[in-house]
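One structure is given here, and the rest of the page talks about it.
The values are calculated or read from the model by the stated rules, or taken from the named source; none is laboratory data. These figures come from a predicted structure and were not determined experimentally. Cβ: placed from backbone, ideal geometry, glycine included. Neighbour counts: every protein chain shown.
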Amino acid sequence: MKLYKIWTLFCCLLLASAFVVGCGSDDETDEHDDHDHGEAFDASTMLNDFANTVVLATYSDLDNKAGELLLTVKALESDTSQANLEKAQQAWKATRKPWEQSESFLFGPVDTQGLDPALDSWPVDHVNLQSVLDSGDDLTVDFVSGLEDTQKGFHTIEFLLFRDGNQRKASDITDRELAYLVSTTENLKASTAQLRLAWAPEGENFSNIVAQAGAGSTVYPSQSAAVQEMVNGMIVIADEVANGKISDPYNESDTTLVESQFSFNSISDFQDNIRGIQNVYLGNFMTDGQGLNVFVNSKDADLDARFQQEVQAAIDAIGAIPDPFRDSITANRSAVQAAIDAVSKVQQTLEQDILSLVQSSEFN
């Protein structure tokens, strides 16, 4: 989580607001007649599938994997063997995948309840983390939960489990590190459970608030408002990947700005961010649902086909960056720039074509 996410989201909201204000103009209506010639689109199934088949399913998988991570961390505390360390490292990477894919919908409870920064603030400061280890504080779950966001969450766990891409020796892990590791993983698991329950029917049921947009939803007065939220979520993560996660360390040639720098998991992180866009657009995570592509295809089949190709091209371009990313920002700059360009194209199509199409279309 980076501070400029807030600025990007603010800009997206301004863009949407500006469009709504402009809709009162006859000229503006005429300008969008080409897109608005079909029947009103009923987004009920699409919104229901987005909320349940994509979002809730992703958060459920995240919570399950966080539970598995906690079990491996506790096993490592009980028996600090090399085998147990490697199991915990693999569990961290497995938990990372659904979280990174979920960054394509960083709105709702993950935002309003402060769960994004609590789970995934970066970059982390070695000195900041070491100060916790060097303190005389009892590293209980309650104590760790009260720390700054940059002193807990995914990247604190990563720092304790990995060492700059090299295989850490289990024998080097101190008792203080184990205590910190267990407590911050307990804290992470509590956050993933809170996030899942915020969307689940047995919890706050934010899934239903999205699914009922325009039909009694307390947050979304229209289906169009909810669909625009979906698109803006994709825009925010495309912007962050292109103009933050990849560009910041690339432009500064600074490895300390690299996300997941200790595990060398950066490229997988970036790809999963774009796969999250793909999941939202196609309406699937582990099972298939109705995605935004059904709406776009009903209005502009060429745009639908083009965007699907652009998203896959961005995933492939990121994957073409030689590992580790932290070395490629200086050693393979053309590959990094190609990935930036590919993700920027996804962002541009979302902003200029898909969001405009949603804004100019009628929904039930």
message = Scan the range 144-156 and tell me whether some residue there is touching a residue at least 60 places away in the same chain (Cβ under 8 Å), out of contact with any strand residue (DSSP E or B) (no Cβ under 8 Å at 6 or more places or on another chain) and more than 30 Å from Ala226 (Cα to Cα).
response = yes
request  = Collect the residues in the range 67-83 that are closer than 26 Å to Ser121 by Cα and in contact (Cβ under 8 Å) with a residue 24 or more places away in the chain, keeping them in residue-number order.
outcome  = Gly67, Glu68, Leu69, Leu70, Val73, Lys74, Leu76, Glu77
inquiry  = So in the range 77-100, with the set limited to residues that are under 15 Å from Leu188 (Cβ atoms) and of a type in the set (A, V, I, L, M), which one is surrounded by the most Cβ atoms within 10 Å (Cβ to Cβ)?
reply    = Ala88
key: Residue ID - nearest to Gln82 (Cα to Cα), chosen from residues in the range 167-198 that are of a type in the set (S, T, N, Q) and in a helix (DSSP H, G or I)   = Ser171
request  = Collect the residues in the range 128-162 that are hydrophobic (A, V, I, L, M, F, W, C) and over 26 Å from Gln82 (Cα atoms), keeping them in residue-number order.
outcome  = Phe143, Leu147
query = What number goes with the only condition from (1) free of Cβ contacts under 8 Å to residues at least 40 places away in the same chain; (2) buried (at least 22 other Cβ atoms within 10 Å of the Cβ); (3) of a type outside the set (Gly, Ala, Ser) that Asn64 does not pass?
reply = (2)
task = Would you confirm whether any residue within the range 35-52 is modelled with pLDDT under 50 and of a type in the set (S, T, N, Q)?
result = no
inquiry  = I'd like the residue in the range 101-139 that is among the hydroxyl-bearing types (Ser, Thr, Tyr) and buried (at least 18 other Cβ atoms within 10 Å of the Cβ) and, out of all such residues, is farthest from the chain's Cα centre (by Cα).
reply    = Ser121
note = Of the residues in the range 297-331, those that are closer than 15 Å to Thr255 by Cβ, among the acidic types (Asp, Glu) and more than 22 Å from the chain's Cα centre (by Cα) come to Asp327
task = Considering (1) within 22 Å of the chain's Cα centre (by Cα); (2) of a type in the set (S, T, N, Q); (3) surrounded by fewer than 24 Cβ atoms within 10 Å (Cβ to Cβ); (4) within 25 Å of Ala75 (Cα to Cα), say which one Thr184 fails and leave the rest.
result = (3)
message = Given the condition in contact (Cβ under 8 Å) with a residue 12 or more places away in the chain, farther than 19 Å from Phe50 by Cβ and outside any helix (DSSP H, G or I), answer yes or no: does some residue in the range 324-346 qualify?
response = yes
